[in-house]
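The values are calculated or read from the model by the stated rules, or taken from the named source; none is laboratory data. Source: prediction; values computed, not measured. In case anyone asks, the SASA skips ligands and DNA or RNA and just uses the protein heavy atoms, side chains included. Shrake-Rupley method; radii C 1.70, N 1.55, O 1.52, S 1.80 Å.
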Amino acid sequence: MKYGYFDDKNREYVINNPRIPWPWINYLGNEDFFSLISNSAGGYSFIKMRKFRRITRYRYNNVPMDSGGKYFYINDGESIWAPGWKPCKTELDSYECRHGMNYTIIKGEKNGITASVLYFVPLKHGQKFKNLLLQIIQRKSKT
């Protein structure tokens, strides 16, 4: 209970303290596209092969740093913060991460503003994502 708990009813692991000693990773994916997401929104995405077809950068074995990921920043005029706490590490009024089967929800609150982010990979539309991401990779390799 120090950092979180299993929610058996919703089949989720709930993390309620962002300062855990090691990142808690959830695997998201379908047949072609995969993504790893940590409780603080760190992670990376790839097509089929994690070694050669990464979409975003991430050093998988950089634990416990958990830097690099899918971050959203909020600038409310008083402070800059992120729902997943990192990379800003601004003290939040409340924080919750819910890792479920093929989805993660990260929710943070600061100064009366609540932000919730849902990370998931659609199971049935993998080919559309694959084609789009292959186009992005091809464009990157040309530059």
Query - Nearby aspartates and glutamates by direct alpha-carbon distance to Lys48 (threshold 14 angstrom, same-chain neighbours under 8 apart not counted) - result: Glu31, Asp32
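Sort Lys70, Lys107 by accessible area with a 1.4 Å probe, largest first. Before the final figure, lay out the partial values.
Working: Lys70 40, Lys107 90 Å².
Descending order: Lys107, Lys70.
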